[in-house]
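Q: Below: one structure in structure tokens.
The values are calculated or read from the model by the stated rules, or taken from the named source; none is laboratory data. Since the structure is predicted, the reported quantities are computational estimates derived from the model, not experimental observations. Please note: Cβ atoms are built from the backbone with ideal geometry, for glycine as well, and neighbour counts cover all protein chains shown.
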Amino acid sequence: MYSRRVRAGLLAISSALVSGSAIRAQPEGPVEGQLIQGEIKGPDVESAGVENQIFFVHSGSQSMKEMRARLADPEQRKIMRAEQRASLEQSYADAEEELKLDSATREALIVLLTDQYMESLDAMAGDRPGEAWPSMQGLAEKENRKLDQLRKVLGDDGLERYQEYMTTFSERRQVREVNAYLAATDKLSPEQKARLVGLFKEKNQLDLAPHSRSRTPNLPRSRDPGSPAFQQDMQRESQLATIEANEQILRIRQTSNRIMSERASGFLSAKQSAALAKMNDADMARLRKWIEQARANAGIDAAIPERSSDENSPARKPASGEVWLDLVVRVNGGEPVHVTHSGTNGETLKFKASDDLFAEAECTLYEDNWIDVRLIFFEEGPNGRRRLPGGMGFGTMGRISGDTAPGDNSFGTRGGSSTIVTGRKAYSVELSASAAAR
């Protein structure tokens, strides 16, 4: 879990405050009102260009206004497209080898991804006021259109390879950056690259791992999304949450970089280990510079605090004893699947969410009434069942009482979240949950 400010920002920018939904960012481009993990370049602050940053994108931000202006200018639009094309060329440098593509198919893929990125920006820029929260079914339909376009270029098997390829997209980029520090005689071997990808994957997951020291968030004063007070609170919380989330990542990375270097030294030469250290140091320096600039732009002291007050607070403790859990999952607007559980706190629950989609849920109730819900998904396909990238999760207030049980009206606050899960097709998934402990 993230700290109080970060969670407040998460809730403030998600429609969970309005209708119980939160939206997962898509890799092709940012969607207004989303939490973005990774790299997004905007004029508000200089992009750090590092993996695993968190950004809270809001329609009123200066970056969004300037992006709309650039899209409306034909010359600037050409420049934006060329910039994205160049970025994709670099990012997909190994696509022919990894995806088993010929040069013509790779070219068609780059053109399609550039088109999809620009369409995503157009959709974001064209949103009318009051429509910041698109329907989940609408998002799923858009994602299915993108999948159909990719399928036409790559074929069914090629699309599945592409989706697997994308699960290590950031990590392979990081490995290329390490290799760029090395002379021709010291370059990484294919085996070393593969092992480094695995280590970067573990490190990146650790960098964004939930924290156990967060507290219940402060919500915006107004619950009316159309009110000036809501918009002002949301914009400010988005700005501060972006900063604090990245400060927490910076602190975690100090440890994760050290652990990764120690593990990598077992299969890298001294020069290669030094290149890895240089890459990680440069990554840290970029992130630190970005945070300092973002703090200054927010009107607060540019110096990054050693540790936030929230991180100095005692860690949350899971509730003891028997836990009652009530989950409701709805896929593609179909009939809801109701899952109830009585037993050990944090126990993993497995269930069928729809005809093709299966889920594993881990729910933890804490002594301060907060419940964390995390789901991963599996798709049944012609090649068997496979785990899908990403997942979903949220936090909400549960209720600790000796007299309540799932289905009881006094059971406590029912929180919810929504996401798009992508496999052979896109699924819109809506989730709500409550919990209590005896």
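Q: Please identify the pairs in which a residue from region 80-99 that is under 16 Å from T167 (Cα atoms) has its Cβ atom under 9 Å from the Cβ atom of a residue that is part of a loop (DSSP other than H, G, I, E, B) and aliphatic (A, V, I, L, M), counting only partners at least 6 apart or on another chain.
A: Once the first residue is under 16 Å from T167 (Cα atoms) and sits in region 80-99, its partners that are part of a loop (DSSP other than H, G, I, E, B) and aliphatic (A, V, I, L, M) give A95/L101.
Q: Somewhere in region 392-409, is a residue modelled with pLDDT of 80 or more and either in contact with a strand residue (DSSP E or B) (Cβ under 8 Å, 6 or more places away or on another chain) or farther than 19 Å from V339 by Cβ (or both)?
A: yes
Q: Among the residues of region 178-200 satisfying the criterion of being assigned to a helix (DSSP H, G or I) and crowded, with 19+ Cβ neighbours inside 10 Å, which is farthest from the chain's Cα centre (by Cα)?
A: My answer is V178.
Q: Against the definition (at pLDDT 70 or above, crowded, with 21+ Cβ neighbours inside 10 Å and in a helix (DSSP H, G or I)), how does T242 come out, yes or no?
A: Considered against the rule, which asks whether it is at pLDDT 70 or above, crowded, with 21+ Cβ neighbours inside 10 Å and in a helix (DSSP H, G or I), T242 comes out as yes.
Q: On the basis of being surrounded by fewer than 23 Cβ atoms within 10 Å (Cβ to Cβ), of a type in the set (G, A, S), at pLDDT below 80 and not assigned by TED's automatic domain parsing to the domain that holds L139, does S432 make the cut?
A: Spelling it out, it is not the case that S432 is surrounded by fewer than 23 Cβ atoms within 10 Å (Cβ to Cβ), of a type in the set (G, A, S), at pLDDT below 80 and not assigned by TED's automatic domain parsing to the domain that holds L139.
Q: Would you say K317 is under 30 Å from N246 (Cα atoms), of a type outside the set (S, T, N, Q) and outside the structural domain of F200 (by TED's automatic domain parsing)?
A: Yes.
Q: Next up: Scanning for something more than 23 Å from Q205 (Cβ to Cβ), of a type outside the set (F, W, Y) and touching a Gly at 6+ places or on another chain (Cβ under 9 Å), does region 239-250 turn up at least one residue?
A: Within region 239-250, one or more residues are more than 23 Å from Q205 (Cβ to Cβ), of a type outside the set (F, W, Y) and touching a Gly at 6+ places or on another chain (Cβ under 9 Å).
Q: For region 140-158, give me each residue that is of a type outside the set (D, E, K, R) and either assigned by TED's automatic domain parsing to the domain that holds V421 or on the phi < 0 side of the Ramachandran plot (or both).
A: A140, N144, L147, Q149, L150, V153, L154, G158
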